[in-house]
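K.L.:
Have a look at the structure that comes next, please.
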Amino acid sequence: MRQVKYYLLLILVASSGCRHYAAADDRNTTYIYPPWKHTWGVVRATPFKLRLFVGGKTKFNDPQGIAVARLNAWEDTTRVGDDDEITAYGVNSGGNCIIYNRSMFSLGIYGLDPDHVKFNRPWGIAADSKGRVYVVDRGNSRVVRLYNPGKGLHFVAFLGGPGDEPGRFIDPRGVAIDSRGVIYVTDAALGRVTLFNDSGEVIDIWSGFDGPDGIAVVGPGERWSYRPGQTFAVVIDSLHQRVRKLSLDGEPLAETTADDWGGNEAFLAYVTLDYHNQLIITDKRNGCLHKLDADLNYLTRFGRPGNGDYEFDEPRGVSIYRRFGQLIVAERSGAQYLWVAVDVPRFEARVVTDSIWRDLNIDFELTEPAFCEMDVLDGLGRLTARLTTKRRFPTGRGHLAWNLRVPKGSPFSRANPSLPLDYKPGEPLPDGEYVIRGRFRATYSSREYFSRDVSTRFKLESKQSR
């Protein structure tokens, strides 16, 4: 995948050094910075770089929601096949404007010119490939619909307005748009989610929430979904402590709270759904991302508070381009750009034996679906057997059993011609010490540049023999 150069204008700051692609064993690699040649080292926005690009027009002042989308309109102005060329829209709430990349080499700012809509504390934002952009204008108790034909944002309509009647808002916060064009808006004061059709008409209201805020939806026929038949919405509520999953008819399906996974007084802010319908949630208070699977099972915590690599300064809005796994995270005074990768927090192997058989059981955990290549090395580091090649494992717990016999056939049974004759294809592996090595690559574009390598040892002794 070729990362577009114009998109990097939104990230704005050159990071130090060339980004790595062989992860250190002590770091969570669920997400990584893209390779240097794709970004020129540009992975983080700062106030200084924003000033360089826009002068004194605006500054980072309480960034909130963020949205990314691939504009179909750009197909006429960009090279064929540049499907990773995405538009990113960042809500600059304290500056009452939207910052976005309006062309290949320039940033746009909407909300400052006299003919622009005047925002009052804009908050959540959603966008799609058809150029539709919805901004929660929180201070004005409404949602603003904008349109981007490929060269800039234009006003279309208002949704809502102050009030508690259906279709109106008291304190709107989050907004999402699904593959059908249905718009979902949370209202923290009214404790409900209002659904509008593309014409701005109310089509449903979900009630019973406690201060709902961030929201994300996967609708029917979603183009970039590993499970296109799986549809649902997720809402953050209960004073930023709870995540609720609902059907698109508003029926509760599941819920979890930060306390369930050791949230430590979390402040869950925004949520986005990736290609596998997994949840990525920002935690403003703990300076990290939380990742859950589509059933709300907790997978991992990524990052920590700070301003260094893989650290977050009060993360807020989060959005992902589902096709390629390009992740954007807004912070207190900037934004970061990451790729989806994979981490392997557990990797174990043990010999299991009884009077009849002897197996090697390999157990591991993944934070992301991944392709796996698994090898067995002898005590001298020579390849003895290859157990899997590009086998795909899902998120969560994985298991592989091997009968401890040297595989038959080319090319893996005798990968190294210097192997002793003891290693005979089809015969039991001789006694000795061995290493089982796993190499995991995510299913996104990062697999061409990054692998998570893990290993563990096991020993075969005569007393274990059948």
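K.L.:
Could you tell me whether residue 343 is more than 12 Å from the chain's Cα centre (by Cα) and not in a loop (DSSP other than H, G, I, E, B)?
P.N.:
It is false that residue 343 is more than 12 Å from the chain's Cα centre (by Cα) and not in a loop (DSSP other than H, G, I, E, B).
K.L.:
Name the one entry in 95, 131 that is within 28 Å of residue 197 (Cβ to Cβ) and surrounded by fewer than 23 Cβ atoms within 10 Å (Cβ to Cβ).
P.N.:
Just one listed residue meets the conditions, 131.
K.L.:
Further, regarding this structure: Are there any pairs, at least 6 apart or on different chains, whose C-beta atoms fall under 8 Å, with the first in segment 104-132 and over 16 Å from residue 85 (Cβ atoms) and without any contact (Cβ under 8 Å) to a residue 24 or more places away in the chain and the second surrounded by 14 or more Cβ atoms within 10 Å (Cβ to Cβ) and among the aliphatic types (A, V, I, L, M), and if so, which?
P.N.:
111/98; 111/117
K.L.:
Select from segment 84-125 the residues that are under 16 Å from residue 56 (Cβ atoms) and part of a loop (DSSP other than H, G, I, E, B) and write down the one among them that is farthest from the chain's Cα centre (by Cα).
P.N.:
Result: 113.
K.L.:
Can you name every residue in segment 209-241 that is buried (at least 21 other Cβ atoms within 10 Å of the Cβ), outside any loop (DSSP other than H, G, I, E, B) and either among the basic types (Lys, Arg) or under 20 Å from the mean Cα position of the chain (by Cα) (or both)?
P.N.:
Of everything in segment 209-241, those that are buried (at least 21 other Cβ atoms within 10 Å of the Cβ), outside any loop (DSSP other than H, G, I, E, B) and either among the basic types (Lys, Arg) or under 20 Å from the mean Cα position of the chain (by Cα) (or both) turn out to be 215, 216, 217, 218, 233, 234, 235, 236.
K.L.:
What tally of residues in segment 110-126 results from selecting those that are in contact with a Gly (Cβ under 7 Å, 6 or more places away or on another chain), within 19 Å of residue 330 (Cβ to Cβ) and crowded, with 17+ Cβ neighbours inside 10 Å?
P.N.:
The qualifying residues number 4.
K.L.:
Scanning for something under 18 Å from the mean Cα position of the chain (by Cα) and either among the hydroxyl-bearing types (Ser, Thr, Tyr) or not assigned by TED's automatic domain parsing to the domain that holds residue 181 (or both), does segment 252-274 turn up at least one residue?
P.N.:
yes
K.L.:
Name the residue that is modelled with the lowest pLDDT, counting only residues in segment 455-466 that are surrounded by 13 or more Cβ atoms within 10 Å (Cβ to Cβ) and more than 30 Å from residue 32 (Cβ to Cβ).
P.N.:
Top of the filtered list is 464.
K.L.:
Taking segment 47-87, which residues are closer than 15 Å to residue 331 by Cα, at pLDDT below 80 and not hydrophobic (A, V, I, L, M, F, W, C)?
P.N.:
Result: 47, 49.
K.L.:
Filter segment 98-109 down to the residues that are touching a Phe, Trp or Tyr at 6+ places or on another chain (Cβ under 6 Å) and buried (at least 16 other Cβ atoms within 10 Å of the Cβ), then identify the one that is modelled with the highest pLDDT.
P.N.:
By that ranking, first place goes to 98.
The values are calculated or read from the model by the stated rules, or taken from the named source; none is laboratory data. Just so it is clear, the model here is predicted, and its values are computed rather than measured. Every residue, glycine as well, gets a Cβ built from its backbone with ideal geometry; the counts of neighbours run over all protein chains shown.
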